[in-house]
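The values are calculated or read from the model by the stated rules, or taken from the named source; none is laboratory data. What you see is a predicted model; the values in this text were computed from it and never measured. FYI the Cβ positions are ideal-geometry reconstructions off the backbone, even for glycines, and counts take in every protein chain you see. SASA here: full protein model, heavy atoms, side chains in, ligands and nucleic acids out. Shrake-Rupley method; radii C 1.70, N 1.55, O 1.52, S 1.80 Å.
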Amino acid sequence: MATSADSILDGLDDAQRAAAVALDGPVRIVAGAGAGKTRTVTRRIAYACASGAWDPARTLAVTFSVKAAAEMRSRLASLGVGDAVTAATFHSAALHQLRRVWPDIGEAPFPHLTDDPRRIVAEALARAGGGEADPVTVRDVQAEINWCKVSLIAPDDYARVCAATHRRPPAALAPDRFADVYRMYETVKNGRGEIDFDDILLMACHVIDEFPDAAAAIRSSIRWLTVDEYQDVSPLQHRLLTRWLGGNRDVCVVGDPAQTIYSFAGATSYYLLGFADEFAPLGADVDLATDYRSTPEVVRCANRVLAASPNRGDYLRLSSGREGGARVRRTVYASDEEEARAVAVQISRLVAQGVDPGRCAVLTRLNAQQQVVCAALRAEGLRYRVRRDAGWQRTSLADDGGERLAMLEALGVAGASGVTVSTIHASKGLEFGHVFLIGCSEGLLPYGSPAPGDDLEEERRLLYVAVTRAEDTLHLSYARSKDGVGGAVRSASRFLS
């Protein structure tokens with residue numbers, strides 16, 4: 001074997017190396033936060049290609065965001081693989097495949113990808129007898145249509161799903177009324193010759209199922225498949241994955257059940273947890289449980305968050321690969337404004353001590369919490385950038401400008417440094433030296449104080465994701481009330497008791 005291939009494995013720990021050299025058959029890698037997941041996966045791909053075991057031109061690595069795909073391409077290039085391996089999102093890979101085979105399966109032009117599905121939803125609501133809808137109603141109905149499509153629920157099945165699962169349609173619509181709007185949405189969209197984001201994957205599945213020659217052409221380019229963030233696949237994405245594979249078993253999935261935080265959008269850890277049964281026998285099943293990102297103090301906090309979960313058997317217990325650091329600080333403030341001011345002052349002190357403001361982050365559960373934080377940072381003269389929940393799927397498909405920005409971010413050269421103010425959802429996949437997690441109270445974390453069940457577990461995992469963004473220091477806080485004067489008195493999050 002070539003020395004260059006062996007050198008690719010240098011620096012991996014025993015578990016990472018075991019995963020990187022497992023090149024044949026179905027492979028599952030359960031990688032905890034900070035455990036070197038991307039490092040392991042890219043080394044595995046580069047090693048397989050450099051050793052001659054894989055053909056780079058027939059190797060596909062699928063991620064969930066344009067930025068993650070850009071980072072993977074950057075790392076593979078640094079390992080000598082270059083552009084031969086395809087690293088892309090589900091949606092960009094499927095869209096490329098569809099456009100490549102489209103001329104061979106029909107004479108109609110390829111449909112236009114709608115740039116604003118909200119206007120189609122608004123028209124569907126109006127034509128279904130709902131009149132002019134407000135923006136919130138349009139947003140909520142659009143989200144429910146998206147959920148139906150990624151969950152493979154057709155309009156005719158929606159009412160039965162609601163009855164079986166006690167799901168409530170948005171905007172106070174009855175299930176049958178929502179199904180009418182859903183049908184009208186499809187009618188309006190199809191009448192315009194347009195497709196939406198989810199149609200890309202639905203069409204790819206249909207083409208592979210119904211057009212054997214096109215299916216063979218698509219599968220010929222996917223001999224070795226790697227799927228990152230497998231805990232977040234939807235039923236629709238899983239269906240496409242099985243179509244891509246056909247009878248092929250050279251698939252590697254990577255994920256962490258404890259970081260499933262998009263269930264509201266159809267994501268589920270079911271396929272990651274059930275991978276060993278679905279694809280038995282496995283070629284390898286490897287756990288990466290050493291967190292090289294966070295201090296032992298942060299890791300202990302993260303483990304405590306999950307320890308009380310009824311699903312704790314599904315989650316890895318992390319150990320830290322670092323020396324001891326600062327204790328995790330917990331603070332209670334009188335008001336939201338006082339909390340924001342105190343956090344801004346602490347960050348200002350860190351910056352005065354020489355800390356890059358880009359190494360600091362303030363994490364929130366909701367977009368609405370960010371305004372007071374930004375005002376406090378401005379008062380301290382600190383630059384900042386805001387990351388909001390704006391529809392997680394939008395990060396899966398980008399134009400050329402988005403691709404370029406994603407690559408610049410992956411290389412660490414995009415824009416001036418500033419404090420990151422981010423929702424927890426938008427911080428997933430990121431890491432910061434100093435994390436300030438505000439609003440750690442009942443009603444915010446968990447949001448709405450849900451009863452025991454799936455919703456509560458999602459909130460627990462969300463807190464776990466927030467905690468594990470921290471490398472060196474972690475500050476947890478909440479305010480007793482909104483304005484410090486009256487109203488309901490908040491209590492600490494049950495997850496931190």
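What percent does the relative contact order of the chain come to when contacts are Cα pairs within less than 8 Å and at least six residues apart?
So the answer I get is 19 percent.
How big is the dipole moment of segment 1-60 about its Cα centre under a simple scheme where the beta carbon of each Lys and Arg is +1, that of each Asp and Glu is -1, and everything else is neutral? Debye, nearest 20, please.
Using Cβ point charges on Lys, Arg, Asp and Glu, segment 1-60 gives about 240 debye.
What's the longest bit of the chain with no exposed GluC sites (Glu not before Pro), using DSSP loop states and at most 13 other Cβ atoms within 10 Å as the test?
On the way: sites that count: Glu107, Glu132, Glu323.
That would be 133-322.
Quick check on the chain: of the DSSP beta bridges with both residues there, what percent are antiparallel, nearest 5%?
In the chain, DSSP labels about 5 percent of beta bridges as antiparallel.
With an 8 Å Cα cut-off and a minimum separation of 6 or more residues, compute the relative contact order for segment 1-119 in percent.
22 percent
Any idea which of Ser491, Phe178, Ala326 is furthest toward the positive side of the dipole for the chain, if Lys and Arg beta-carbons carry +1 and Asp and Glu beta-carbons -1?
Result: Ala326, furthest along the dipole toward the positive end.
Determine the shape class of the chain: with a ≥ b ≥ c the square roots of the Cα gyration tensor eigenvalues, call it rounded for a/c under 1.5, and otherwise prolate if a/b is greater than b/c, oblate otherwise. If you can, show how the numbers build up before the last one.
Numbers: a/c = 1.70, a/b = 1.12, b/c = 1.51.
Oblate, because a/c is 1.5 or more while a/b does not exceed b/c.
Relative to the present Cα-Cα distance, how much length would full extension add between Ala143 and Ala164 at 0.36 nm per residue of separation?
Stretched fully, the Ala143-Ala164 segment lengthens by 5.5 nm.
Using every alpha carbon pair in segment 312-352, what percent of pairs falls into each 5 Å bin from 0 up to the bin containing the largest distance?
Each 5 Å bin holds this share of Cα pairs: 5, 15, 13, 17, 14, 12, 14, 9, 1.
State the percentage of accessible surface on segment 28-92 attributable to carbon and sulfur atoms; use a 1.4 Å probe and exclude ligands, DNA and RNA.
46 percent
Take the alpha carbon gyration tensor of segment 187-305, find the square roots of its eigenvalues, order them as a ≥ b ≥ c, and report rounded if a/c is under 1.5; if not, report prolate when a/b exceeds b/c, else oblate. The partial results should precede the final answer.
On the way: a/c = 3.02, a/b = 1.59, b/c = 1.90.
Oblate is the answer for segment 187-305, as a/c is 1.5 or above yet b/c matches or exceeds a/b.
Test of understanding: extend the Cα→C-beta vector of Arg304 to 7 Å, then name every residue of segment 421-457 with backbone N under 18 Å from that spot.
In segment 421-457, the label zone of Arg304 (backbone N under 18 Å from the point 7 Å along Cα→Cβ) covers 435-442, 445-446.
Pulled fully out, how much extra length does the chain show between Ala126 and Glu323, if you take 0.36 nm times their separation in residues and subtract their Cα-Cα distance?
Stretched out fully, the Ala126 to Glu323 stretch lengthens by 64.9 nm.
Would you mind getting the accessible area per residue of the chain, heavy atoms of the protein chains only, 1.4 Å probe, in Å²?
For the chain, the per-residue accessible area is 44 Å².
Given a 1.4 Å probe and the protein chains all in place, what does the accessible area of Leu79 round to, in Å² to the nearest 10?
Near enough 50 Å² of accessible area.
What's the FRET efficiency of Asp157 with Arg177 using the Cβ-Cβ distance as r and R₀ = 22 Å, to the nearest 0.05?
0.90
Ordered by residue, what ³J(HN,Hα) values in Hz, to whole numbers, does segment 59-65 give under the Karplus form 6.51 cos²θ - 1.76 cosθ + 1.60, where θ = phi - 60° and Gly and Pro are x?
Values, residue by residue: 10, 10, 10, 10, 10, 9, 9 Hz.
Leaving out ligands, DNA and RNA, and with a 1.4 Å probe, what % of the accessible surface on segment 135-269 is carbon or sulfur?
Solvent-exposed carbon and sulfur of segment 135-269 make up 53 percent of the total.
Using only alpha carbon pairs under 8 Å that are at least six residues apart, calculate the relative contact order of segment 207-293 and give it in whole percent.
29 percent
With +1 on the Cβ of every Lys and Arg and -1 on the Cβ of every Asp and Glu, and nothing else charged, how large is the dipole of segment 71-155 about its Cα centre, in debye rounded to the nearest 20? Could you put the intermediate results ahead of the total?
Details: 9 positive and 11 negative charges, 53 e Å.
Using Cβ point charges on Lys, Arg, Asp and Glu, segment 71-155 gives about 260 debye.
Shape call for segment 1-49 from the C-alpha gyration tensor, a ≥ b ≥ c root eigenvalues: rounded (a/c under 1.5), prolate (a/b greater than b/c) or oblate?
Oblate, because a/c is 1.5 or more while a/b does not exceed b/c.
Check Thr89: other-chain or 5+ apart residues with amide H under 5 Å from its amide H, H built from backbone geometry?
Thr63
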